[in-house]
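The values are calculated or read from the model by the stated rules, or taken from the named source; none is laboratory data. None of the values given here were measured: they were computed from a predicted structure. Positions of Cβ are backbone-derived with ideal geometry, glycine not excepted, and every protein chain shown enters the neighbour counts. The protein model used for the area step is the full one, side chains on, heavy atoms only, and it has no ligands, DNA or RNA in it. Shrake-Rupley method; radii C 1.70, N 1.55, O 1.52, S 1.80 Å.
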Protein chains: 2
Amino acid sequence: MTNTDRDRVSAAPSSPEPGALRPTRQRTAVTEALGTVADFRSAQEIHDLIAGHGEKVGLATVYRTLAALADAGVVDVLRTEEGEAVYRRCATTRHHHHLVCRTCGATEEIEGPAVEDWAGAIGRTFGYADISHELELFGTCPKCAGAP
Amino acid sequence: MTNTDRDRVSAAPSSPEPGALRPTRQRTAVTEALGTVADFRSAQEIHDLIAGHGEKVGLATVYRTLAALADAGVVDVLRTEEGEAVYRRCATTRHHHHLVCRTCGATEEIEGPAVEDWAGAIGRTFGYADISHELELFGTCPKCAGAP
DNA sequence: ACACGAGTGAGAATGGTTTTCAAAAGCAGG
DNA sequence: CCTGCTTTTGAAAACCATTCTCACTCGTGT
């Protein structure tokens, strides 16, 4: 139920393409805010970011927009230890993972073909189909390790 | 306050080792409930499970006990897509991962020394210290693939 | 049995996220 | 520039998992 499942009415006189989002001031503000930061941010932080920039966008709209973007694969979502959702616009839309500094939040995008293969092999071993996986690394970045 | 000052005991008589949990009816109920299921369950589901068994344990206590068990490494915790925490008593307390059927929730415990090494190597490459990682596989188990 | 701290539970509080719904904005055609 | 239709928005309320509060009970060592 967390899906952005809109009922696309086929009776629409001249309905455009399905799934086409209307470009609005608010949505622009969200994507721009995402562009100004390099690490994962919560919806509320993004909301504050926009506010600090002078614009005013409702929190609900930020959540909606973020969900839509995540849905479209434009942003990556992951959950903090506490279960809070954090978002980040990634350089690539391709499948990849992250190495996140648990102190400052700095993030590196990483790929691991070996892991992908390994996951597939494990799946086959157990007879599981349609294997997918979630993998995130956490650590302390050089900067934070140097100056605690 | 009627301070019966005779207990000037600096070495508290009744606080021996830290981390020693007192065995109570409630805690037994929780661990037993965990023993009757093979897959990951939410705190509330476990609470219901206990209730269905005739026992009555407060939800808050279930949460507390689960947290303690997770803390002790006796149960594994992971987050569902929606951010809900789910718990499972695993066969081993050693570090491992899971292959979870996304249809029926059946779970296999898996180990991947190669992945551990890979994670460490990645960390070193980027100069990150104290590398840890979260990894879960999802798929469709043979049973569910056969009879949808 | 006694005392005292750990453990418990009902309900309130928290806090992130979603929903509601009426008003505002977009879009296409007249 | 109007008109009718749909999408989007936002403030506040609803939701819901989880945690906290606090008076009370239980387990344990003496």
Please go through the range A:27-58 and pick out each residue that is near DNA strand D (Cβ under 7 Å from one of its atoms) and open to solvent by 60 Å² or more (accessible area, probe 1.4 Å).
A:Arg27, A:Lys56
Exactly one of these conditions fails for B:Asp48: (1) over 25 Å from B:Cys144 (Cβ atoms); (2) among the charged types (D, E, K, R); (3) at pLDDT 95 or above. Give me its number.
(1)
Looking at B:Val77, B:Val86, which is the one that is hydrophobic (A, V, I, L, M, F, W, C), more than 7 Å from every other protein chain (Cβ to nearest Cβ) and open to solvent by 20 Å² or more (accessible area, probe 1.4 Å)?
B:Val77
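Being in a strand (DSSP E or B), of a type in the set (Phe, Trp, Tyr) and at pLDDT 95 or above, is that true of even one residue in the range A:105-119?
Taking every residue of the range A:105-119 in turn, none turns out to be in a strand (DSSP E or B), of a type in the set (Phe, Trp, Tyr) and at pLDDT 95 or above.
When only residues in the range A:59-100 that are in a helix (DSSP H, G or I) and over 14 Å from A:Val30 (Cα atoms) count, which is farthest from DNA strand C (Cβ to nearest atom)? Talk me through it step by step, then tell me what you get.
Just the residues of the range A:59-100 that are in a helix (DSSP H, G or I), to begin with: A:59-72.
Narrowing the set further to residues that are over 14 Å from A:Val30 (Cα atoms) leaves A:71-72.
Values: A:Asp71: 11, A:Ala72: 15 Å.
This residue is A:Ala72.
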Counting only residues that are of a type in the set (D, E, K, R) and part of a helix (DSSP H, G or I), which one in the range B:40-58 is farthest from B:Cys104 (Cα to Cα)?
B:Asp48
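How about the range A:59-74: which of its residues are more than 9 Å from DNA strand D (Cβ to nearest atom) and crowded, with 18+ Cβ neighbours inside 10 Å? Working first, answer last.
Step one: filter the range A:59-74 for residues more than 9 Å from DNA strand D (Cβ to nearest atom), giving A:66-67, A:69-74.
A:Leu66, A:Ala67, A:Leu69, listed by residue number.
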Filter result (modelled with pLDDT under 95 and more than 9 Å from DNA strand D (Cβ to nearest atom)) within the range A:78-88
A:Leu78, A:Arg79, A:Thr80, A:Glu81
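Looking at A:Gly120, A:Gly105 in this structure, which one is within 26 Å of B:Arg124 (Cα to Cα), surrounded by 14 or more Cβ atoms within 10 Å (Cβ to Cβ), more than 9 Å from every other protein chain (Cβ to nearest Cβ) and free of Cβ contacts under 8 Å to residues at least 12 places away in the same chain? Can you show your working first?
Values: A:Gly105 fails: free of Cβ contacts under 8 Å to residues at least 12 places away in the same chain.
After applying the criteria, what remains is A:Gly120.
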Please verify whether B:Glu55 is more than 17 Å from the chain's Cα centre (by Cα), under 27 Å from B:His96 (Cα atoms) and within 13 Å of DNA strand C (Cβ to nearest atom), treating the condition exactly as stated.
no
Can you name the number of the only condition in (1) within 10 Å of another protein chain (Cβ to nearest Cβ); (2) in contact (Cβ under 8 Å) with a residue 60 or more places away in the chain that A:Leu135 fails?
(2)
